[in-house]
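The values are calculated or read from the model by the stated rules, or taken from the named source; none is laboratory data. In this text the structure is predicted, and so the values were computed from the model without any measurement. Note that each Cβ is placed from the backbone with ideal geometry, even for glycine, and that neighbours are counted across all protein chains shown. Quick note on the areas: whole protein, heavy atoms, side chains included, nothing else; ligands and nucleic acids left out. Shrake-Rupley method; radii C 1.70, N 1.55, O 1.52, S 1.80 Å.
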Amino acid sequence: MEGMSGPHVIRGSFSLPEAEFVWRFSRSSGPGGQHVNTTDTAVELRFDLARTEALPEVWKQRALERLAGRLSGGVVTVRASEHRSQWRNRETAAVRLAALLAEATAPPPRPRRPTRIPRGINERRLREKKERSQTKRGRSPKNWD
């Protein structure tokens, strides 16, 4: 599409190919006067994730796995209808799609390495508990038989 704000970068030098975007337009709901009844400002952007060749295979598999609940036949769909102009809604939908794919293709976090608590810290904690216990025991009323 001509006039868009440029390539929508996912990660590094990889950007979404706008030639693979499928746009659909409809009338937005909500207020807007007579203008809302005559223009198709709501945007639906579809991107065939299963068939795209633009993403590395590892990223594609990761995204297909993570977005499985959002996909319909391998196609991810994003809607935008916040703005009153179709052009701004197109921008919003493209940016949302890029952000969604950036998150879905992110590498998994490094596994947490369990750390040991130093023995001195544990001993100090137990000693302080014992001291606190002695202090509280000293406050209790004595048996004055």
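When R79 is tested against (1) under 21 Å from V9 (Cβ atoms); (2) without any contact (Cβ under 8 Å) to a residue 40 or more places away in the chain; (3) within 19 Å of the chain's Cα centre (by Cα), exactly one condition is not met: (1).
Yes/no per residue for (1) touching a Pro at 6+ places or on another chain (Cβ under 6 Å); (2) over 30 Å from W59 (Cα atoms); (3) among the charged types (D, E, K, R):
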position: P109; (1), (2), (3): no, no, no
position: R119; (1), (2), (3): no, yes, yes
position: K130; (1), (2), (3): no, yes, yes
position: T135; (1), (2), (3): no, yes, no
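Restricting the range 97-117 to residues that are free of Cβ contacts under 8 Å to residues at least 40 places away in the same chain and in a helix (DSSP H, G or I), the residue that is most open to solvent (accessible area, probe 1.4 Å) is E103.
Residue count for the range 82-112 under the criterion of being closer than 14 Å to H8 by Cα and not acidic (D, E): the result is 12.
Taking the range 53-76 as the range and being touching a helix residue (DSSP H, G or I) at 6+ places or on another chain (Cβ under 8 Å) and touching a residue at least 40 places away in the same chain (Cβ under 8 Å) as the test, the residues that pass are A54, L55, R62, A63.
If you check V95, V43, V58, V76 for being of a type in the set (V, I, T) and touching a Leu at 6+ places or on another chain (Cβ under 6 Å), only one passes: V76.
From the list R127, R132, R119, R70, the one residue that fits, being among the basic types (K, R) and modelled with pLDDT under 90, is R70.
Evaluated against (1) surrounded by fewer than 14 Cβ atoms within 10 Å (Cβ to Cβ); (2) of a type outside the set (A, V, I, L, M, F, W, C); (3) modelled with pLDDT of 80 or more, H35 falls short on exactly one condition, (3). One residue stands out in the range 41-94 among those that are under 19 Å from A19 (Cβ atoms) and among the charged types (D, E, K, R): the one that is most open to solvent (accessible area, probe 1.4 Å), namely R51. The set of residues in the range 53-74 being out of contact with any strand residue (DSSP E or B) (no Cβ under 7 Å at 6 or more places or on another chain) and of a type outside the set (A, V, I, L, M, F, W, C) consists of E53, P56, E57, K60, Q61, R62, E65, R66, G69, S72, G73.
Condition (residue is among the β-branched types (V, I, T), touching a strand residue (DSSP E or B) at 6+ places or on another chain (Cβ under 9 Å) and either at pLDDT below 90 or over 19 Å from P17 (Cβ atoms) (or both)) applied to the range 99-111: is it met by at least one residue?
Checking the range 99-111: at least one residue is among the β-branched types (V, I, T), touching a strand residue (DSSP E or B) at 6+ places or on another chain (Cβ under 9 Å) and either at pLDDT below 90 or over 19 Å from P17 (Cβ atoms) (or both).
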